[in-house]
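Please read the structure below before turning to the comments.
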Amino acid sequence: MLGIISVKPISPSKYLIKDECSLLIQAVKGKQSDGWGIGYYVSNNLNVFKSPKPVYEEKDMFKTMCRKIKANIIIAHVRKASNPRNLPKEKLISKESTQPFYYKKYLFVHNGTIYIPDDVIEFLDEYKSIIRGVNDSEVYFAFLLKKLAETEDLIKAFREVERDLWNILKRSEKEIKYPYSSLNMIFSDGTKIYALTRYLRGKSLNSICYGDTKYYRMSYYCNGEMLIVSSEKTNRDEWRTMNNGELLIAEKIGDKINYRILNVFE
């Protein structure tokens, strides 16, 4: 997954296609074969395009989409489907279950697995209606929006999501060690980009392309006018790597992209 926030509207082609470790290359090397999507904002209007097919089988369409897009905020995702419900493969793959997920002004992508999606759904109340597919990541999105509405503070919302995932797991009495593998996500409200690195599993795995960072430690690059945050770096520029538990918040202030890193979890 990859997010861009820029002072001026830009094309995402460099980071999604052209770089030696672009999102397209990551999809090929990581066998991310279960769909792809791009979301972006134009004049405060959210646009989302999704396909349930492998992105490397739709290279021409992917490249055409990237060339068409000029936006200040862009979020893209290539999917390798998780399956905590043990569903048949054909039920997992659909446009509805492909990321990014969106609701009103909010745009969201996630890497990881929520192991108890049906148990979490029971706590969503009216936010159950947001869910269109069978992707556990969409359950996470709905749960995050519910907590954001309740707390009116995204940092508090993340903390409550994790706390309640543990509580729901305990209440379920299921013989599962963790409620999730990773809560890594990129999220936007149309004015800011938020990127969370939070994982419990995969600590022995390395990044797909360069193999020089841990698999779930997200990376970012900022030159003052633009910030890129991704599941791993797309080129050999001076990217920085996020630590487990950190949240990146980036926004346009004047003619600069300002960002800060917060340690959300103790």
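Laboratory data are not the source of any read-out in this text; all were calculated from the coordinates shown. Source: prediction; values computed, not measured. All Cβ positions, glycine included, derive from the backbone under ideal geometry; neighbour counts span all protein chains shown.
Most mobile of E175, E160, E225 per a Gaussian network model of the chain (Cα springs, under 10 Å)?
Most flexible of the set in this elastic network: E175.
Report, ordered by chain and residue number, the aspartates and glutamates lying within cross-link reach of K63, taken as a straight Cα distance under 20 Å and ignoring same-chain residues fewer than 8 apart.
D19, E20, D34
Scan region 161-266 for trypsin sites (Lys or Arg not before Pro) in coil per DSSP, keeping those whose Cβ has at most 11 other Cβ atoms within 10 Å, and list them by number.
Within region 161-266, the qualifying trypsin sites (Lys or Arg not before Pro) (loop, at most 11 other Cβ atoms within 10 Å) are K177, K203, R236.
Compute the distance from the alpha-carbon center of region 61-99 to that of region 135-154, in whole Å.
19 Å
Show me the three semi-axes of the equivalent ellipsoid for region 113-257, from the C-alpha gyration tensor (sqrt of 5 times each eigenvalue), largest first, rounded to whole Å.
28, 20, 12
Out of N86, N184, N167, any idea which swings most in a Gaussian network model of the chain, alpha carbons joined below 10 Å?
N86
Inverting the mean 1/r over all pairs of different Cα atoms, compute the Kirkwood radius of region 2-263 and quote it in Å.
Roughly 18.4 Å, rounded to one decimal.
Check the straight Cα-Cα distances from K59 and name the lysines below 20 Å, setting aside those fewer than 8 residues away within the same chain.
Cα-Cα hits under 20 Å: K14, K18, K29, K31, K50, K68, K70, K80, K95.
Taking H placed 1.01 Å from N in the peptide plane, check which residues at least 5 places from M218 or on another chain put their amide H under 5 Å from its amide H.
For M218, the qualifying residues are M242.
What value in Å³ per residue do you get for the convex hull of the alpha-carbon atoms in region 159-224?
120 Å³
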